[in-house]
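The structure under discussion is supplied below as structure tokens; questions concerning it will follow.
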């Protein structure tokens, strides 16, 4: 009788092996048991540590395995987002406190006790210029994916100097370049390894994982596609406004310098000296690890990055972890992950910082007059309009096409898109879809973004966009019943899927001529950079 009672108690608490008989809001993973929260057909588990806090002696080290716990750990609230200086007016602001103790994941799954078939998994990697971002913003809620049969996971990773830092003492401590410099990418890989080990406990298929990210998160997807360290951790990938494998930031090298350039190690030494740490050996490194997190953080964020006020910050570095070579170089050599890819950008995907008309047209060189005719067909000489279009083309839209062409040439199925939908309430303010504006449509969280200004058309556009992303995650082909077919990209036909205010439209890219000009300008810029080095 005692054994029977013990069995019934274990059954009622969901404590039997592998979680198969567990309550739908409790699961057991490799570090212990979790209590989530069920609501409206979705069970969410938040703030799950996938690594130890990367603070103190673990600052600027590869993420270390999380420490197991006893009993049932509450997973009903987000953990801290990573240490940073938030940007005023950010469309996706962190909703938690900020800390170095931030390496956690969140999981949204259908709220049912068991399922015969393992569900496809999508893993979200946020943007923020590698200096901002987190998993807690409301627009990143994964509930709509879960309601439609996909498990959504979001991963926190270190940003700013916590995620990207080099110093001679670090190199001597861990001379392997695969463990140095780009700690943010190591966090992302560790998060994917956690998914590989544990997602089955939530009903997910560890062999059907799609990674997707926007901006810095999109470029991170390129890094994960290119690095052997992430091979086998995902089967599909989506790059939103992440370029085409060329670095979105002016990447410096971890160690080497050429033609007067500064290495990331040298920048690290300069930063250390600004903090009063002159020793470049173990004692100096120990002193740096003892500095308060606020001192390491400084005033670094996307605003200070764009205004040139971050002279001792390096960002993603060539020769460091995950980024031994530019992803585009890896793709061209045929060494990237051979998986289906969706890639694209928004119709007004620009960070135009101002300038004169001649400064805007200078990158086009001998094609200056042709570019002016394309970007200013009405002869308005509106510098901001011309600059916004050309910067978007050169910075995001053409590089996405370039990445699609390189990967397609290696036999990968690639689907190229442009997101041109603008929310009803913003159409008088925005000439096109700005950077990051596709995110609430991809997540179908437009109500969180637009609130009382949301219209039925906005909601419909979100459902359709979300459906294409889900279809791709489930099958590797973005086909949605009742919606236009999205053809595989080919440079010969140059067909894209354009998410327009009237619905998705598949057809030859109407901007081909201007993107060809941007391609030439980007190639010239790349040659000039190479010659300068």
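The values are calculated or read from the model by the stated rules, or taken from the named source; none is laboratory data. Quick caveat: nothing in here was measured; it's all calculated off a predicted structure. Note: ideal-geometry Cβ built from the backbone for every residue, glycine included; neighbour counts use all protein chains shown.
Restricting attention to segment 421-435, and to residues there that are assigned to a loop (DSSP other than H, G, I, E, B) and under 20 Å from the mean Cα position of the chain (by Cα), which single residue is farthest from residue 459 (Cα to Cα)?
We begin by selecting, within segment 421-435, every residue assigned to a loop (DSSP other than H, G, I, E, B); these are 421-423, 427-433, 435.
From the residues that got through so far, the ones that are under 20 Å from the mean Cα position of the chain (by Cα) too are 433, 435.
Details: 433: 16, 435: 19 Å.
Within segment 421-435, the match that is farthest from residue 459 (Cα to Cα) is 435.
Next up: Given the structure, is residue 200 more than 23 Å from residue 404 (Cα to Cα) and either at pLDDT below 95 or part of a loop (DSSP other than H, G, I, E, B) (or both)?
Details: more than 23 Å from residue 404 (Cα to Cα): yes; either at pLDDT below 95 or part of a loop (DSSP other than H, G, I, E, B) (or both): no.
For residue 200, the condition - more than 23 Å from residue 404 (Cα to Cα) and either at pLDDT below 95 or part of a loop (DSSP other than H, G, I, E, B) (or both) - is not met.
Still on this model: Does residue 305 satisfy being within 27 Å of the chain's Cα centre (by Cα), at pLDDT below 95 and part of a helix (DSSP H, G or I)?
Values: within 27 Å of the chain's Cα centre (by Cα): yes; at pLDDT below 95: yes; part of a helix (DSSP H, G or I): yes.
For residue 305, the condition - within 27 Å of the chain's Cα centre (by Cα), at pLDDT below 95 and part of a helix (DSSP H, G or I) - is met.
When the residues of segment 150-166 are filtered to those that are more than 20 Å from residue 83 (Cα to Cα) and within 17 Å of the chain's Cα centre (by Cα), which remaining residue is surrounded by the most Cβ atoms within 10 Å (Cβ to Cβ)? Outline the logic, then answer.
Pass one, segment 150-166, residues more than 20 Å from residue 83 (Cα to Cα): 150-153.
Those still in the list that are within 17 Å of the chain's Cα centre (by Cα) too: 152-153.
On the way: 152: 26, 153: 28.
Selected residue: 153.
To continue, here is another question. Checking residue 381 against (1) surrounded by fewer than 23 Cβ atoms within 10 Å (Cβ to Cβ); (2) touching a helix residue (DSSP H, G or I) at 6+ places or on another chain (Cβ under 7 Å); (3) in contact (Cβ under 8 Å) with a residue 12 or more places away in the chain; (4) in a helix (DSSP H, G or I), which single condition isn't satisfied?
Unmet for residue 381, out of (1) surrounded by fewer than 23 Cβ atoms within 10 Å (Cβ to Cβ); (2) touching a helix residue (DSSP H, G or I) at 6+ places or on another chain (Cβ under 7 Å); (3) in contact (Cβ under 8 Å) with a residue 12 or more places away in the chain; (4) in a helix (DSSP H, G or I): (4).
For segment 74-95, which positions are part of a loop (DSSP other than H, G, I, E, B) and over 19 Å from the mean Cα position of the chain (by Cα)?
Taking segment 74-95 as the starting set, the residues that turn out to be part of a loop (DSSP other than H, G, I, E, B) are 75-80, 83-95.
Within segment 74-95, 75, 76, 77, 88, 89 qualify.
Quick one: how many residues across segment 324-361 are surrounded by 22 or more Cβ atoms within 10 Å (Cβ to Cβ), in contact with a strand residue (DSSP E or B) (Cβ under 8 Å, 6 or more places away or on another chain), closer than 27 Å to residue 411 by Cα and at pLDDT below 95?
Going through segment 324-361 one residue at a time, the tally reaches 0.
Hey, does segment 331-353 have a residue that's part of a helix (DSSP H, G or I) and out of contact with any helix residue (DSSP H, G or I) (no Cβ under 8 Å at 6 or more places or on another chain)?
Narrowing segment 331-353 to residues part of a helix (DSSP H, G or I): 331-332.
Going one step further and asking which of them are out of contact with any helix residue (DSSP H, G or I) (no Cβ under 8 Å at 6 or more places or on another chain), we end up with none.
For segment 331-353, residues part of a helix (DSSP H, G or I) and out of contact with any helix residue (DSSP H, G or I) (no Cβ under 8 Å at 6 or more places or on another chain): absent.
Just one of 63, 80, 53 is touching a helix residue (DSSP H, G or I) at 6+ places or on another chain (Cβ under 7 Å), within 30 Å of residue 296 (Cα to Cα) and at pLDDT 95 or above; which is it? Reasoning before the result, please.
Values: 80 fails: touching a helix residue (DSSP H, G or I) at 6+ places or on another chain (Cβ under 7 Å); 53 fails: touching a helix residue (DSSP H, G or I) at 6+ places or on another chain (Cβ under 7 Å).
The match here is 63.
Residue by residue through segment 482-533, note down the ones that are surrounded by fewer than 15 Cβ atoms within 10 Å (Cβ to Cβ) and at pLDDT below 90.
If the condition is that a residue be surrounded by fewer than 15 Cβ atoms within 10 Å (Cβ to Cβ) and at pLDDT below 90, then 523, 525, 526, 527, 528, 529, 530, 531, 532, 533 are the ones that fit.
Another one. With respect to the numbered conditions (1) surrounded by fewer than 22 Cβ atoms within 10 Å (Cβ to Cβ); (2) touching a helix residue (DSSP H, G or I) at 6+ places or on another chain (Cβ under 7 Å); (3) modelled with pLDDT under 95; (4) under 16 Å from residue 171 (Cα atoms), which one is the sole condition not fulfilled by residue 313?
Answer for residue 313: the failing condition is (4).
Checking the structure you have, find out if any residue of segment 461-484 is under 30 Å from residue 371 (Cβ atoms), touching a strand residue (DSSP E or B) at 6+ places or on another chain (Cβ under 7 Å) and not in a helix (DSSP H, G or I). Break it down stepwise before answering.
At the first step, the residues of segment 461-484 found to be under 30 Å from residue 371 (Cβ atoms) are none.
Within segment 461-484 (the criterion being under 30 Å from residue 371 (Cβ atoms), touching a strand residue (DSSP E or B) at 6+ places or on another chain (Cβ under 7 Å) and not in a helix (DSSP H, G or I)), the answer is no, since none of the residues qualifies.
I would also like to ask the following. Scan (1) surrounded by 20 or more Cβ atoms within 10 Å (Cβ to Cβ); (2) touching a helix residue (DSSP H, G or I) at 6+ places or on another chain (Cβ under 6 Å) for the single condition residue 225 breaks and write down its number.
Residue 225 satisfies every listed condition except (2).
Give me a count of the residues in segment 283-310 that are surrounded by fewer than 18 Cβ atoms within 10 Å (Cβ to Cβ) and within 18 Å of residue 61 (Cβ to Cβ).
Matching residues across segment 283-310 total 7.
Conditions (1) at positive phi; (2) under 14 Å from the mean Cα position of the chain (by Cα), marked per residue:
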site: 109; (1), (2): no, no
site: 133; (1), (2): yes, yes
site: 143; (1), (2): no, no
site: 184; (1), (2): no, yes
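So, one more: Conditions: (1) surrounded by fewer than 21 Cβ atoms within 10 Å (Cβ to Cβ); (2) touching a helix residue (DSSP H, G or I) at 6+ places or on another chain (Cβ under 7 Å); (3) modelled with pLDDT of 95 or more. Residue 210 meets all but one. Number of the miss?
Unmet for residue 210, out of (1) surrounded by fewer than 21 Cβ atoms within 10 Å (Cβ to Cβ); (2) touching a helix residue (DSSP H, G or I) at 6+ places or on another chain (Cβ under 7 Å); (3) modelled with pLDDT of 95 or more: (1).
Still on this structure: Quick check, is residue 280 touching a residue at least 24 places away in the same chain (Cβ under 8 Å), outside any helix (DSSP H, G or I) and surrounded by 13 or more Cβ atoms within 10 Å (Cβ to Cβ)? I'd like the intermediate steps shown before the answer.
Details: touching a residue at least 24 places away in the same chain (Cβ under 8 Å): yes; outside any helix (DSSP H, G or I): yes; surrounded by 13 or more Cβ atoms within 10 Å (Cβ to Cβ): yes.
For residue 280, the condition - touching a residue at least 24 places away in the same chain (Cβ under 8 Å), outside any helix (DSSP H, G or I) and surrounded by 13 or more Cβ atoms within 10 Å (Cβ to Cβ) - is met.
Condition check: assigned to a helix (DSSP H, G or I) and farther than 20 Å from residue 139 by Cα. Does residue 394 satisfy that? Spell out the reasoning first.
Numbers: assigned to a helix (DSSP H, G or I): yes; farther than 20 Å from residue 139 by Cα: yes.
Here the answer is yes, as residue 394 does meet what is asked.
Just for segment 83-109: of the residues that are modelled with pLDDT of 95 or more and over 19 Å from residue 298 (Cα atoms), which one is surrounded by the most Cβ atoms within 10 Å (Cβ to Cβ)?
109
Keeping to segment 136-168, report how many residues are part of a strand (DSSP E or B) and under 20 Å from residue 50 (Cα atoms). Spell out how you get there, then give the answer.
Taking segment 136-168 and keeping what is part of a strand (DSSP E or B), we get 151-155, 164-165.
Filter once more, keeping what is under 20 Å from residue 50 (Cα atoms): 151-155, 164.
Residues that pass the stated criteria total 6.
Is it the case that residue 133 is buried (at least 24 other Cβ atoms within 10 Å of the Cβ) and within 21 Å of residue 50 (Cβ to Cβ)? So that I can check it myself, show each step before the final result.
Values: buried (at least 24 other Cβ atoms within 10 Å of the Cβ): yes; within 21 Å of residue 50 (Cβ to Cβ): yes.
Taking the combined requirement at face value, the residue satisfies it.
Another one. Checking the structure you have, find out if any residue of segment 167-182 is under 18 Å from residue 444 (Cβ atoms), surrounded by 24 or more Cβ atoms within 10 Å (Cβ to Cβ) and touching a strand residue (DSSP E or B) at 6+ places or on another chain (Cβ under 8 Å).
Residues of segment 167-182 under 18 Å from residue 444 (Cβ atoms): none.
The answer is no; no qualifying residue exists.
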